[in-house]
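The values are calculated or read from the model by the stated rules, or taken from the named source; none is laboratory data. The structure presented is a predicted model; accordingly, all values stated were derived computationally and were not measured. When we count neighbours, we look across all protein chains shown, and the Cβ atoms used for this are built from the backbone with ideal geometry, even at glycine. We work out accessible area using only protein heavy atoms, side chains counted, and drop any ligands, DNA or RNA first. Shrake-Rupley method; radii C 1.70, N 1.55, O 1.52, S 1.80 Å.
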Amino acid sequence: MASRPGWFGPDQYTNLANPSAHYRTTGPEVLRQTVGRVTHFVASLGTCGTVTGTGTYLKQHKPELQLVAACPVEGHDIPGVRSKTQAKVTAHFRPELYDELVEITNQEAYEMCLRLNQEASIIAGPSSGLNLVAALKAVPDEPGNCAVVIFCDDIWKYTNSCAKHLPELFGSREPQIPAALKSLEKIMEAAKIGPDSLKGEEVREYLAEANPVVVDVRPAEQFEGGLRATGARSLPLPGIMDEALAEEYDGSLPRDKETPLLLYCNRGIASLTAMMMLKSMGYSHVKHVVDGMFEWWRLSLPTENSGMPLPMAQNDVEKSTVQKLSLIHISEPTRLLSISYAVFCLKKKKKKHLYIK
């Protein structure tokens, strides 16, 4: 959309107006309201605009000030904040500026969120709990210390997350699912185990035999800022489902509806929906990768954006995959993975000789 005449894409992850706004407003406000006594400033890694913009201003006026960046552990489930690895996608992440990076677990953040609401009557969300735990860990309880801690948001938008991590507050209630939605769920379940949902060696074989167009249906920022399949085209799911956005992504899909397509997303949910939509639009040879980018990486298929993280892990299998990726030096293994995939394709086509420089 931002490429259209008269349109503008703010892009909070790269736009310098983000940290600049905090440099011009939040920083002076902190200094003014503490009458210059502030010794520590604590904020979380999200877009990093707050911690970097405010921190830059405060350190210019008080070089001895301690700037503490709070972040969740890898594989976290705290909305709105980023781990150290995830923060690399934003241009405002400045680890050299921060005096300390404090990692906080899900349990620590949600338990503090609960205490803030129940004991202090502050309706803060889990990211605020994360920041306060980081402050308690990083700021010594000594006379003269004055810490300013950012509470990012209230709790009302995060009811589902709190219900997941604080189940004792909500009890166990059977969700009321409309009949139409139950029918749709049955259709989706049938599609999940159908022949067009590929996993493991089925993905390799389809790539080698059909030479499909690979389509990434994740949001554009995840396609640009994360690990992705080599040569994939970006076509976010809304671009398939919303006719008003179709023009923006014109060209991402081949005109010939007989062209083989292979869809993937983070973990096979959006790609399943996209596959069903494209079939309804007349594309007859559409398949998708069941476990998405995690499966693609586990199969050692070639990737682009080396060094960028996998999607946020949500279960033990995904966490194990993320941990394995973090142990690997990207550049040489990526070359070797690409070579191994080329060898596999040539074997399928019964080529006898392969020369690699």
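Computed values, structure above
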item: Other-chain or far-sequence residues with amide H under 5 Å of residue 233's (modelled H); result: 214, 215, 216
item: Nonlocal amide H pairs with residue 15, under 5 Å, H built at 1.01 Å; result: none
item: Under 5 Å, built H, 5+ apart or other chain: amide partners of residue 152; result: 128
item: Too-long pairs where the Cα-Cα distance tops 21 Å, listed order kept, from 88/319; 84/137; 164/287; 199/319; 257/287; 88/164; result: 164/287; 88/164
item: For segment 35-157, the Rg and Dmax computed from alpha carbons only, in angstrom; result: 13.8, 39
item: Carbon + sulfur, % of accessible area of segment 4-43 - ligands and nucleic acids excluded, 1.4 Å; result: 60
item: Burial ranking of peptide ranges 53-60, 37-44 (average Cβ count within 10 Å, highest at the top); result: 37-44, 53-60
item: Exposure rank, largest accessible area first [206, 110; 1.4 Å]; result: 206, 110
item: Residue 208-residue 4 FRET efficiency (beta carbon distance; Förster radius 51 Å; 0.05 resolution); result: 0.85
item: Per-residue HN-Hα couplings for segment 36-43 [Karplus 6.51, -1.76, 1.60; θ = phi - 60°; Hz; x = Gly/Pro]; result: x, 8, 4, 10, 9, 10, 10, 8
item: Heavy-atom accessible area ranking, 1.4 Å probe, most first, across 156, 296, 7; result: 156, 7, 296
item: Segment 106-169 - percent relative contact order, Cα under 8 Å, separation 6 or more; result: 36
item: Area accessible to solvent at residue 253, 1.4 Å probe radius, in Å²; result: 40
